[in-house]
Amino acid sequence: MKLYLKIWRQKDASAKGQMVDYTLNGVESDMSFLEMLDILNEELISKGEEPIEFDHDCREGICGTCSLQINGRPHGPDTMITVCQLHMRSFNDGDEIVIEPWRAKAFPVIKDLIVDRSAFDRIQQAGGYISVNTSGRPVDANAIPIEKHVADAAMDAATCIGCGACVAACKNASAMLFTSAKVSQFALLPQGQVEAADRVQNMVRQMDLEGFGNCTNTGACEVECPKGISLENIARMNREYLSASVKG
Amino acid sequence: MGILDSKEPQGPLADKWAKHKNEIDLVNPANKRNIDIIVVGTGLAGGSAAATLAELGYNVKTFCYQDSPRRAHSIAAQGGVNAAKNYQGDGDSVYRLFYDTVKGGDYRSRESNVYRLAEVSTNIIDQCVAQGVPFAREYGGLLDNRSFGGVLVSRTFYAKGQTGQQLLLGAYGAMNRQIQRGKIKSYTRHEMLDLVLVDGKARGIIARDLVSGEIERHSAHAVVLATGGYGNLFFLSTYAMGANVMAAWRAHRRGAFFANPCFTQIHPTCIPVSGDHQSKLTLMSESLRNDGRIWVPKRKEDAIAIREGKLKPVQLSEEERDYYLERRYPAFGNLVPRDVASRAAKERCDAGFGVNKTGEAVFLDFASAIMRYGKEKALTSGMKDPDDNTIRQLGEEIVEAKYGNLFQMYEKIVDANPYKTPMMIYPAVHYTMGGLWVDYNLQTTIPGCYAAGEANFSDHGANRLGASALMQGLADGYFVLPYTIGDYLSDDIRTGAIPTDSPEFDAAEKDVRDRMEKLMSGTGIHSVDYYHKKLGKIMWNKCGMSRNEKELKEAIKEIAELRKDFWENVKIPGSVDSKNQELEKAGRVADFLELGELFAKDALERKESCGGHFREEYQTPEGEALRDDENFKFVSAWEYMGEPSAAKLHKEDLVYENIKLKTRSYK
């Protein structure tokens, strides 16, 4: 198939970016979206032009590196997948496809389609862990039974891959879905409850410091999340935050 | 013993590690504050090592090429992590895990290392549960287990099909806690380009900031390489696109011996290649072999009809199918080790029974598992005489709960519903057992340079068992390295900070800059990927699932020619002093082009078949691997001498005091 691509090009963080038009022939339906971009880049290199830089690594939907806004939607038109799992069979011959980086103040563009998501790391550093040292003598793993539905709910929250689609989807560029997923995972498990109050307060404080917007419950994040992280996590985080604030 | 001293402790196997820990020197907590350690790579081995070393009080710097430590490729491991907990009461023990691993590795690993791995495996599960890793549980609230290939017990712990992700997030959390305390400084989007030696000891690295293009010097008292495997040598593999051998290969060029480079794992259950544009292969977890049955048609005409789309697999009756693993290996059936399963698939496809367009695929079928689970569910829900449709529906729900995310992944890539029609799978490069040679302390042949996880060679011999990579990464990082590195660093308490303005750092930085300039000066027309794909084709066709003398010799010649062409002609746009993904790729492929030749040379020299290394000249009449313990019961450790062809072989003889060497049989 033949495609008309409009792609964001930006030399570096301080440069002014722009949309650039490319026409690409010979795209096959069983190619992945990123393989389509590989082919475009090979063409650009052969013409002596600089290829389009984009983030990607595992190309199997789990590392959370790839991050493209395609026709206005994070990870493209399909649901429950990342860009690397998107295949060209989702498009038609002659389609125009607009490709942009994540757009959020807290995710500045580094180059072309690559953004800086280190704000997510800093939110995790503020408390996204259980404070336990490595030791050869912790309690036995089966000493504390955990109800299956609780363990499953913690796992569902823990499935977040930290890609940032939730932020890109949100009109306020809020990071509530991301932050609440981690808060929920630990709030649900008995091991995480000891530090729950400090954790939620520290993580929310860092989230605000990074310049993410507020949540207005539109639910766009949940729709675009490639791992199906539920809005319930945001509700749980709000409860946790409130009870932590009351405890002081 | 030669110049390779494995430093294995003396005494009975079961006491070695405890005895060793009691005898090694410790560094007092106040002195740890004056000692710096660099950890390159932040996957399970690097992440867990960095966190633990920082907890102990050392100053740690971590480096990863990804934009966050959490994205290291350990995250893609699906199936699980082994541990000898014996929660199932099915006869598991530390000894049995040790035995299975040595046997699975076809008797080419070091007994003492493997025993220690099995010994600390139970600590891993305890540690991870304490960190909040949400492992799968049974209704009673206790941890659930499943089985993996090559074993007869259920010892694999898992978190849906995302075990690697959850374990890595645990280690990443532990790292984050130390970053917040200021004990770890994390450098992301950074790549190690060289190892710096001062007075023969590893004292730092040269790294490139991949965003600004700046070259940086970082010093430390010891350097840990936890940079994973080198399977991307084959271009198409299940590795992440950025996975590379650069750190390990730079260390090799500075004096670290490279062990068993030809020991590569080709995983039997991956989604088959669909075309030339393909950049990456996707694994379908080994856990699927718990319930999936592997088959091809019994009659060649049926295989041809299926290839041509004239026949559907579901139209073939049980009698018309050849469940070749169950037929050839009745004791282990579909759960034979990976090397055995991969070769058996290749054998059927080479004989003309492949089932996709290219003839390189076999079926992985869940129909009987769906019906089995459905019947069980109907019974336990008290249904009387349910019809087949109801049973199938109930069964599909159970299969979805177990493998839902894998089935979804398959459907997205292939555009076929695996609940209704069998999956098509084919072997693909997945893991490398070879790596930097290390002693019992995980130290390479360069003092102060350590290698952990997949980057070292130590525990898996010639074939790794499923769910053992996660186990080894975390064992090395949480429980081994933090002890053994202290023994070395106890001599450094008075050294003080290592300066970065020494002639050694000057020289290493100059080497790095010269190399990048040389890469940028190519005058040809082809991109980095062109060379990488060519290398991959040579490797897959001549150094892949089966190897022979003639083709290995051809591969050596072809790779050397390709390397020469690459260095003269590779075309890299952009500049060295800014973000440049093509330059990053070029540096990695340049190293693969050297390693590839050493790989082929190693495979040529090892005139036996063992584990993943199958030499066509050495096989039994039934087509099984024919090992030669008399002549090849050793680790091949290669010393860098300039060109790969000049590499010098050192042998570490493997001594088996606790396990009797036997022909590996899964029949």
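Laboratory data are not the source of any read-out in this text; all were calculated from the coordinates shown. Everything numeric in this text was worked out from a predicted model, so none of it was measured. As a convention, Cβ positions derive from the backbone with ideal geometry for all residues, glycine included, and neighbour counts pool all protein chains shown.
Taking only the C-alpha atoms of the range A:1-138, the Rg (one decimal) and the largest Cα-Cα distance, Dmax (whole number), read 17.7, 63 Å.
Net charge of the neighbourhood of B:D511, taken over other residues with C-beta under 14 Å away and scored Lys/Arg +1, Asp/Glu -1, is +2.
Straight-distance candidates among the aspartates and glutamates for linking to B:K412, with alpha-carbon spacing under 13 Å and chain neighbours fewer than 8 residues away dropped: A:D30, A:E60, A:D78. The length gained by stretching the chain between B:L152 and B:S521 to full extension, at 0.36 nm per residue less their Cα-Cα distance, is 127.2 nm.
On average, how much area does the Cα convex hull of chain B cover when viewed from any direction, in nm²? Intermediate results must be reported in sequence, preceding the final value.
Details: hull surface 117.1 nm².
Directional mean of the projected Cα hull area for chain B stands at 29.3 nm².
When all alpha carbon pairs of the range B:324-454 are counted in 5 Å bins from zero, the resulting P(r) reads 2, 9, 13, 13, 14, 14, 10, 8, 7, 5, 3, 2, 1, 0, 0 %. Applying a threshold of 32 Å to the alpha-carbon distances of B:K103/B:K201; A:K2/B:K357; B:K550/B:K660 flags B:K103/B:K201; B:K550/B:K660 as lying beyond it.
Compute the FRET efficiency between B:A416 and B:E326 as 1/(1 + (r/R0)^6), taking r as their Cβ-Cβ distance and R0 = 22 Å, and round to the nearest 0.05.
Numbers: r = 24 Å, r/R0 = 1.09.
Result of the calculation: an efficiency of 0.40.
The share of Cα pairs per 10 Å bin across the range B:528-587, counted from zero up to the longest distance, runs 21, 42, 25, 10, 2 percent. Secondary-structure-derived ellipticity at 222 nm for chain B, considering helices only, amounts to -11500 deg cm²/dmol, per-run term -39500 (n - 2.57) for DSSP H runs with n ≥ 4. Taking the longest Cα principal axis of chain A as reference, the axis of helix A:148-158 is set at about 40 degrees. The Rg/Rh ratio of the range B:558-667, with both radii computed over alpha carbons and Rh defined as the Kirkwood radius, is 1.13. Cross-link partners for B:K19 among the lysines, with Cα-Cα distance under 21 Å and sequence neighbours closer than 8 places in the same chain left out: B:K7. Given their separation in residues at 0.36 nm each and the Cα-Cα distance between them, B:K375 and B:E308 gain 20.6 nm when the chain is fully extended.
Sorted from largest to smallest, which semi-axis lengths in Å does the alpha carbon gyration tensor of the protein assembly as shown give for its equivalent ellipsoid, taking the root of 5 times each eigenvalue?
On the way: eigenvalues 247, 239, 203 Å².
After diagonalising the Cα gyration tensor, the semi-axes are 35, 35, 32 Å.
In summary, the lysines within cross-link reach of B:K402, defined as a Cα separation below 17 angstrom excluding same-chain residues under 8 places away, comprise A:K148, A:K227, B:K160, B:K375, B:K377, B:K420. All other residues whose Cβ lies under 11 angstrom from that of A:A173 are scored, Lys and Arg at +1 and Asp and Glu at -1, for a net of +2. Between the Cα long axis of helix B:388-414 and the first principal axis of chain B there is an angle of about 30°, rounded to the nearest 10. With respect to chain B, whose longest principal axis is taken over its alpha-carbon atoms, helix B:163-180 is tilted by about 30°. Relative contact order, whole percent, for chain B stands at 21, derived from Cα pairs under 8 Å and 6 or more residues apart.
From the alpha carbon centroid of the range B:256-292 to that of the range B:447-490 is 22 Å. Between the alpha-carbon centres of the range A:1-47 and the range B:299-339 there is a gap of 42 Å. Loop-located trypsin sites (Lys or Arg not before Pro) in the range A:170-248 (DSSP state not H, G, I, E or B) with no more than 13 neighbouring Cβ atoms inside 10 Å: A:K171.
What FRET efficiency, computed as 1/(1 + (r/R0)^6) with R0 = 35 Å and r the Cβ-Cβ distance, is obtained for A:N172 and A:S243, rounded to the nearest 0.05? Mind dumping the intermediate values first?
Numbers: r = 24 Å, r/R0 = 0.70.
With a Förster radius of 35 Å, E is 0.90.
Based on Cα coordinates alone, diagonalise the gyration tensor for the range B:463-577, multiply each eigenvalue by 5, take square roots, and list the semi-axes in whole Å, largest first.
Details: eigenvalues 266, 167, 36 Å².
Over the Cα atoms of the range B:463-577, the semi-axes work out to 36, 29, 13 Å.
Quick note on the range A:1-47: its Rg to Rh ratio, both from C-alpha atoms and Rh being the Kirkwood radius, is 1.03.
Listing A:D57, B:D199, B:D491 from fewest to most neighbouring C-beta atoms within 10 Å gives B:D199, B:D491, A:D57.
With Cα atoms defining each centre, the range B:73-135 and the range B:503-528 are spaced 42 Å apart in the structure.
Taking every alpha-carbon pair under 8 Å whose residues sit at least 6 apart, chain A reaches a relative contact order of 20 percent.
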